[in-house]
Amino acid sequence: MKKIIVLLCFVALSCSKSSPKPPSTPMLVFPFKSSECTTGVSVNGTNTSEVELEWSASSRTDLYEVKITNLSTNLTQTLTTTGTKQKVILDKGLAYSWFVTSKNDEVSETKSSEIWKFYNAGSQTTYPPFAAEIIAPKSGQTVFKDINNDVTLEWLTEDVDNDIANYKVYFSTITPPTTLLATNSVDNTSVSVGVTANTIYYWKVVTTDKEGNASDSGIYEFRAR
């Protein structure tokens, strides 16, 4: 009888023990979103500087993985730390995106921060807009046209100088798309276009600022249904 009671107590204690929880989501702090980072320390004899990234601590986190991408080359550095700051060597005058992932040794589930973009300060006095971020349709997606046989193209943009002049949307059934579909004002980040079912379309957005600087979203494709 005593053995049964001991066994039942062991089972009860085992069941009452809570399962490990995943880490919470880290919040980015610095460099600020859509900003020019001017705090970098120049590396002697090079066109680079050391920038310190910072984020807020997330609970139940054993390790932070930091990914920072050079938006000109698309090369990504991956760094790990147990703290909430990380120094990194970056080229001056170029745009970067970065985010942080929280990891816990006891669970496989991770949590990632937002993705922020910034320019690492160089000799420039003006910067091109960040390349437009395509919201819809996503590349490779199959999209159902509406009752008017239209599909709506949507994007988002960020700009350090806050002087975007317009968006040029190129759209075609061939790649690269060279047909100018629309020239939108700064406040208009969507456009509808007529499509034919079972056809693949290619599109991109070129963002231009008042200084004449331009950035290209890159080519996206989708299939209309």
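The values are calculated or read from the model by the stated rules, or taken from the named source; none is laboratory data. Given the structure is predicted, the values throughout are model-derived calculations rather than measurements. Because the Cβ atoms are built from the backbone with ideal geometry, glycine has one as well, and the counts that use them run over all protein chains shown.
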Legend entry - Those residues of region 106-121 which are within 28 Å of Lys204 (Cα to Cα) and surrounded by 15 or more Cβ atoms within 10 Å (Cβ to Cβ), in sequence order: Ser113, Trp116, Lys117, Phe118, Tyr119, Asn120, Ala121
Inset, instruction - Considering every residue within region 128-138, establish whether at least one is among the hydrophobic types (A, V, I, L, M, F, W, C), assigned to a strand (DSSP E or B), modelled with pLDDT of 95 or more and in contact with a Lys or Arg (Cβ under 7 Å, 6 or more places away or on another chain). - result: no
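Can Lys168 be described as touching a residue at least 60 places away in the same chain (Cβ under 8 Å) and farther than 22 Å from Tyr96 by Cα? Outline the logic, then answer.
Details: touching a residue at least 60 places away in the same chain (Cβ under 8 Å): no; farther than 22 Å from Tyr96 by Cα: yes.
So Lys168 does not fit the description; no.
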Legend entry - Filter result for Phe171 (surrounded by 15 or more Cβ atoms within 10 Å (Cβ to Cβ), modelled with pLDDT of 95 or more and touching a Leu at 6+ places or on another chain (Cβ under 6 Å)): yes
Inset, instruction - Report, by residue number, each residue of region 196-219 that is surrounded by 20 or more Cβ atoms within 10 Å (Cβ to Cβ) and within 20 Å of Asn149 (Cβ to Cβ). - result: Tyr201, Trp203
Legend entry - Tally, over region 94-124, of residues that are over 19 Å from Phe30 (Cβ atoms) and touching a residue at least 12 places away in the same chain (Cβ under 8 Å): 10
